[in-house]
Every structure is written in structure tokens, then in C-alpha cells.
1. So Tyr269 passes all but one of these: (1) out of contact with any Phe, Trp or Tyr (no Cβ under 6 Å at 6 or more places or on another chain); (2) in contact (Cβ under 8 Å) with a residue 60 or more places away in the chain. Which condition number does it fail?
2. Part of a helix (DSSP H, G or I) and modelled with pLDDT under 90: which single residue out of Glu72, Glu90 fits that description?
3. Mind listing whichever residues of segment 65-80 are among the hydroxyl-bearing types (Ser, Thr, Tyr) and surrounded by 17 or more Cβ atoms within 10 Å (Cβ to Cβ)?
4. Across segment 156-189, what is the total count of residues that are acidic (Asp, Glu) and in a loop (DSSP other than H, G, I, E, B)?
5. Filter segment 48-64 for residues that are exposed (fewer than 13 other Cβ atoms within 10 Å of the Cβ) and closer than 19 Å to Pro17 by Cβ and give the result.
6. Listed residues Arg134, Arg123, Arg113; which is of a type in the set (D, E, K, R), closer than 18 Å to Gly284 by Cβ and at pLDDT 85 or above?
7. Can you tell me which of (1) over 19 Å from Ala111 (Cβ atoms); (2) touching a residue at least 12 places away in the same chain (Cβ under 8 Å); (3) among the basic types (Lys, Arg) is the one Arg200 doesn't meet?
Amino acid sequence: MSNIHRKRNALPLASLPAFEAAARHQSFSRAAEELNLTHGAISRAVAQIEERLDCALFVRRNRRVYLTRAGERLLAATGTALDGLGRAIEEIHRHDVASPILTVSCEPSLAMRWLMPRLGLFRENNPDLHIDLRLAGGPIDLLQDGCDIAIRRNDFGISDDYHVTHLWTERAGPVCDPDCWETILGRDLSRARWLHSRTRPDAWEVWKKASHYQGLPASEQYFDHFFFALQAAVNRLGTAIGPLPLVQDDLVAGRLIAPLGMAVTGFEYVLITLDGPSRDQRIGRFFDWLMIQAAEMVAPG
């Protein structure tokens, strides 16, 4: 076996993504930012490959790097290989329709206050399909995070790479304990303590704009998470903005009332998938069930 052949076999494959990013950007610093590594880590990865190949891949001039001919050849091969691996992984993920597990990423408050109490019913009707529920909000990389679908409120930009399916239009309004509304507040929202959440700080302003309400609170209180603000309303600590379906069960049970009704906020809840729900029968079953549950939501007048 020749020395060159042995060097090829000994090529540090883990260093190739660092080389590819540095070559594509012609910058070690930008490669480091993209891969969330240090400049030194990129430099060491490239040096390892150059040492094994016994040739220079970059020419370094005035704090910039330029590919040599050898670097150009390796970039072409590396880019093709990494793209092929990415496509293979995506195809495996997209078409694993026989898996008995459906991994669902859902916003925490929606999961805890609405979805989880209903998953037992889904399990009874679909005993062959296990839901792996993961609580997370905001942007998501389905492939990197290993999720089949994500349920999100569309208050952020969603990549065009995904298929987005409408679930329901958000409606929201002030919610509080029924006795507090009658006896303490005297049916006057301006006498209430307004409960806010740092994870959704504009909830009251969104509702005021949607409902054309002009009043101000008697006092205010802030919580770290939206879930806590809603639970505080249940516990008679004040009045929160309650969106459907997060307060659906509390309204039905009489723990909360929405005395001023619900207004359309302009946001939607959506299902984010790699392909349309019909491409994967597991996703299709879960989506159909979600829509049945959504149809049962009660919106106060």
C-alpha cells in the first residue's frame, strides 16, 4: 500500500465539516461562527487535514485565506459527500413511516394546559402509535432536533423549507375567577390586577388592539412564564389574557370566565412538518385528531 493511500485512509473525517465551512466562506472566523466553534478549533481541524495530505489547502494573506488547487479539489469532493449524507439522513427521517413513535414538539403552555390532558384519549384510539412529546417553543429544526412535527403559534418567521398547516385561529380575552369578577371587581376590568408574562409580554396590548379596549389596570404583576400567569388567574391572584385553547378546560369547568368575550388576535396555531400531513399516515392520524379537538373549542361571545 502506498503512503498516499495510507494517508487517505487516515484522513480525519471529523475535521471535514470545519474545512468545508472555512473553504466555502474563505474565512476561518465565519466558519467558526457558523459551526459554533472557536477560530482555533477551525484552524486545528484544517491543519490536521493538511498534515495528513502533506499539502497546503489554503494560502493565508493579510488575515484572509484563499484555496489552493488542492483545497479546491477537496472542497468539491467534501461538499458532494456532505450534501449526500444530508440528503440520506433527511430521506431516512422523512420516510420512516413505519415507526411506532411520533415525536411531537409543542409549545409548553399549550402542551400542559390543553394537549397533555387529551393525549390519553388519543392513546386509547391509537394504541399502536406512541407520542413522544417534547416541550419547546419558537423556531425549530425538525431534522436536527429529531422531531416529526411541531405545533407552534406563528409569532415568528417559519422557514420556507417546511410545510405549514393551519390548525386554528387564536382568540383571546381577559380571564379571571367568576366570583372575583362579580364581587371584587364589580364587572369593571379597570379595577383588576393585570397578570403579565415575560415570555409573552405583549399579550395585553395585542388584546387591547384587537378589542379596541382603552382602559388601564388598577395594578400589575409579572410572571416568568405564560403558564404561571394563567395559573395565577385560576388561583384568584388577578386577571390574565387567556387564549383559546389554553383556557378551554378552565372555562368549561367554571374555574375561569371570559367576561368580555374573546377577540381574534391575528395569530394562528400551525402544524409544522417536512411534508404535508398526508405523506405520513402517522402524522395524518394525529393531525385529524387535532382538528377534531380544535372543533370542540368553546369561544365565549
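1. Condition not satisfied by Tyr269: (1).
2. Among Glu72, Glu90, only Glu90 is part of a helix (DSSP H, G or I) and modelled with pLDDT under 90.
3. Result: Thr78, single match.
4. Of the residues in that region, 4 qualify.
5. Residue satisfying the conditions is Glu51 alone.
6. Arg123
7. Only one criterion is unmet by Arg200, namely (1).
Matching residues to (1) at pLDDT below 95; (2) hydrophobic (A, V, I, L, M, F, W, C); (3) within 21 Å of Ala192 (Cα to Cα); (4) in a loop (DSSP other than H, G, I, E, B):
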residue	(1), (2), (3), (4)
Trp204	no, yes, yes, no
Ala229	no, yes, yes, no
Phe267	no, yes, no, no
Phe286	no, yes, no, no
Ala299	yes, yes, no, yes
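The values are calculated or read from the model by the stated rules, or taken from the named source; none is laboratory data. Nothing here was measured: the structure is a model prediction, and the numbers come from that model. Quick reminder, even Gly has a Cβ in these numbers, built from the backbone with ideal geometry, and neighbours come from all protein chains shown.
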